[in-house]
1. How much accessible area does TYR41 have with a 1.4 Å probe, in Å² rounded to the nearest 10?
2. Straight-line reach only, C-alpha to C-alpha below 20 angstrom: list the aspartates and glutamates that LYS31 could link to, leaving out same-chain residues fewer than 8 apart.
3. Under a crude label model (7 Å from the Cα following the beta-carbon direction), how far is ASN110 from GLU13 in nanometres?
4. Using packing as a proxy for protection, rank 87-98, 53-64 so that the peptide with the highest average count of other Cβ atoms within 10 Å comes first.
5. Could you order LYS19, LYS40 so the one with the most accessible surface comes first? Probe is 1.4 Å.
6. Please compute the contact order of the stretch 38-134 in relative form: average sequence separation of alpha-carbon pairs under 8 Å and at least six residues apart, divided by the residue count, as a percent.
7. Suppose R0 equals 35 Å; then what is the FRET efficiency for LYS70 and ASN124 from their Cβ-Cβ distance, rounded to the nearest 0.05?
8. Label the stretch 33-106 by shape, choosing from rounded, prolate and oblate, from the square roots a ≥ b ≥ c of the eigenvalues of the Cα gyration tensor; if a/c is under 1.5 it is rounded, and otherwise prolate applies when a/b is larger than b/c, oblate when it is not.
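The values are calculated or read from the model by the stated rules, or taken from the named source; none is laboratory data. Every value quoted in this text rests on a predicted model; they were computed, and no experiment measured them. Cβ coordinates were reconstructed from backbone atoms using ideal geometry, including for glycine residues, and neighbour counts include every protein chain displayed. Only protein heavy atoms, including side chains, enter the accessible area calculation; ligands, DNA and RNA are left aside. Shrake-Rupley method; radii C 1.70, N 1.55, O 1.52, S 1.80 Å.
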Amino acid sequence: MEKEALGIEEIKELSQHSKTYIVPHIQLRSKRYGLILYNKYHRNGAEDEANSLRQSLEAAGFSVIKFEWKDATGLMAIITDVVATLSTDCSLLLVSLISHGSTRMLGASNGESVPVNQILHRINHSLPPYVPLVSGYA
């Protein structure tokens, strides 16, 4: 198995017979995506940060999608739509949120706060069961 470059179909099939996530040792047929979600509200340079991150992810072999979000409803809609589209051939999804906020909350352009757990919950429920979700935030 360590010598095989598994594609998404093989990962789907194998995941039905495993209690752990299937992460191919050889990543040649894996589809890696980066989703960059940024908010410019009171963040000079947020778009530059998002563009820099995009370049870094592309250099690492990711296909990258970048969106500006302004409110919780828009953020959740982007996540739902993008993850549903990517889930047909995604074996790794890296999601980056660029925003101001406070402990466990992100600040939206309209002044509302968006709980990080709500975002993680939405991503987790939008991903197919064979794609791992690893979370963390700074």
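1. Result for TYR41: roughly 100 Å² accessible.
2. The reachable aspartates and glutamates, counting only those whose Cα sits under 20 Å from LYS31, are GLU2, GLU4, GLU9, GLU10, GLU13, GLU58, ASP81, ASP89.
3. 4.7
4. Going from most to least packed, we get 87-98, 53-64.
5. The ranking, largest first, comes out as LYS19, LYS40.
6. 33
7. After rounding, the FRET efficiency stands at 0.90.
8. Verdict is oblate for the stretch 33-106.
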